[in-house]
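Asks: Below you will find the structure I want to go over with you.
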Amino acid sequence: MRDAVDNRNWTSLCVLGFAGALIVLGGCARKNYKRDADEQVYRFVDRQWKPEFGARANYRVTGAPPAPNDIDEEQLARIERVVSDTGVLTVSQAATLALARNRDYHLQKELLYTMTLDMRLIRHSYETQWFGGGTALYSDDGTTRSVVVEPNLGFNRLLATGTAIGARIGARWADILAGFGGSGLSGVFSAAIVQPLLRGSDSRVVREPLTQAERSALYQIRTVCRFRKLLIVSVVTQYHEALELLDIARNAEAYVNSLLALESRVEKLVEAARLPKEELDRVRQDILRARDAHILAQKEYERFLDLFKITLGVPPTLEFDLDANVFATLKGAGIPQPDFSVGEAVEAALLRRLDLTNNADMVIDAQRAVYVAADALRPGLGVVGNLRAETDGDRTGAAGATLDLPLDRVAEQDLYARALVLLNQRRREYELTADTIRMEVREAHRKLIETAERYEVLLEALRLAQKRTDDTFRLLQYGLVSSRRVLSALEDLYDARNEAADALKDYAIATLNFYRDTEVLQVRPDGMWEIELGATLVARNEAAAKK
């Protein structure tokens, strides 16, 4: 009797220990889910990232562990301190701020994160999925009091061949505290397997949801890389546009100063009765108009600067000016002409454009979709089997087959026809994207040459306007010309300066747009850019190979 009691106690302890172990395992599962999700996402992203995508930096969402080359908050704080101290924001600082704080870029990174999470969830359906738990119940119906504990543990797994496997281990421990009934421990093991032989047995069909999810995440990686190039080009474009407005405001100020100098000379000549007084009044009217233009130009620059701050992701209250030396450097460096043909530029773009690569891969996706849809039209044939074994010696097993004849495949036929239509659409989209890229590169190349030639012409016009102004001022000093000639020369000089500034801005923007459209522009981890000139050499080799 005592042995039976001891055995019962030992059994009770085992069952309770098993139940306790399940509870402990459940408690241990309370890990840092966010950190685990970040690791899962960026392990996949890092594995899919190719060198041609650019630097693997600044692609992680806020809150995720940063990559080694990411822009950190310390760098941003240092930039803001320097900008606050100097009152000037450089191009490199603007690029760094935009890459770290631009809201649209953050949205693209978050979209990459969530799409990769979706892929991870689909991948989990092909992994071993464990489940476990149990119940503990105390009951008292007036005549019988009992304690029942039922823990269980098992898993499900879908293999690449379409095989579905499941297994479960369960136990039941009952202790009758008062009344009648059986007590003790009993256990059961059950397993089931389903294997398709025809429809749904091809590993490509079985894995298609995961394949498509992985490719969609890869497309978003390319989109993020492409978007940050567009972002940096947009930021630098706005920087140059703001510089043009600043240059126009300074030209207006210089125009006012020139008119004031002219007023002083004309006033002396009027006093000496060498010029009529009406000419002095005309000069003063032009001074007022020039001051009005200066006020408008200055306010337009300030207004555009606030919009630029929104693009950078910084508050409009952060006060700064732009680096006017950028234009001076461009003027001093001169305007180089492109040393490659438009054909080479088009070939480089077709080889490197990430959006075109996405479109090409989408055609392959559509081809797989047709294959999967065709598989669904096949008959369904599968074998099934299950086994159940209990500790009391009872064992049961079953095996059989299932057949689904293709007597009604209207829904599957509809999906197959739609898949064929989608394939044609994807092919046309690829062709449209390729032709659009050809058009964009040709236009960018044309614009680059046009702006370079236009700047040279307007630079010569500025030189002549300056010479004419100097000459008329000297002639006015000797009373050989009227003040109207000088006013006309000053106005033409003012217009020539603004036109030259506009042409220089257009050339700088056209250069960046050309590098962007040919995909030879790469963004560095700090936000600045560099040009992969080797891409044009590859294009030349490709063109030579086709001849």
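The values are calculated or read from the model by the stated rules, or taken from the named source; none is laboratory data. Since we're looking at a predicted model, the values are computed, not measured. Cβ coordinates were reconstructed from backbone atoms using ideal geometry, including for glycine residues, and neighbour counts include every protein chain displayed.
Asks: Being in contact (Cβ under 8 Å) with a residue 12 or more places away in the chain, assigned by TED's automatic domain parsing to the domain that holds residue 89 and in contact with a strand residue (DSSP E or B) (Cβ under 7 Å, 6 or more places away or on another chain) is true for just one of 320, 327, 308. Which residue is that?
Replies: Residue meeting the stated conditions: 320.
Asks: Could you tell me whether residue 496 is in a helix (DSSP H, G or I), closer than 30 Å to residue 362 by Cα, within 51 Å of the chain's Cα centre (by Cα) and of a type in the set (Gly, Ala, Ser)?
Replies: No.
Asks: Within segment 128-146, take every residue that is hydroxyl-bearing (Ser, Thr, Tyr) and farther than 30 Å from residue 163 by Cα and give me the one that is surrounded by the fewest Cβ atoms within 10 Å (Cβ to Cβ).
Replies: Step by step, filter segment 128-146, then rank; the result is 143.
Asks: Now a separate question. Kindly establish whether residue 368 is at pLDDT below 90 and not assigned by TED's automatic domain parsing to the domain that holds residue 227.
Replies: no
Asks: For segment 335-388, how many residues meet the condition of being part of a helix (DSSP H, G or I) and either buried (at least 16 other Cβ atoms within 10 Å of the Cβ) or in contact (Cβ under 8 Å) with a residue 24 or more places away in the chain (or both)?
Replies: The total comes to 32.
Asks: Here is a list of conditions, (1) closer than 30 Å to residue 204 by Cβ; (2) surrounded by 15 or more Cβ atoms within 10 Å (Cβ to Cβ); (3) not aliphatic (A, V, I, L, M); (4) not assigned by TED's automatic domain parsing to the domain that holds residue 348, and residue 433 meets all of them except one; can you say which number that is?
Replies: (4)
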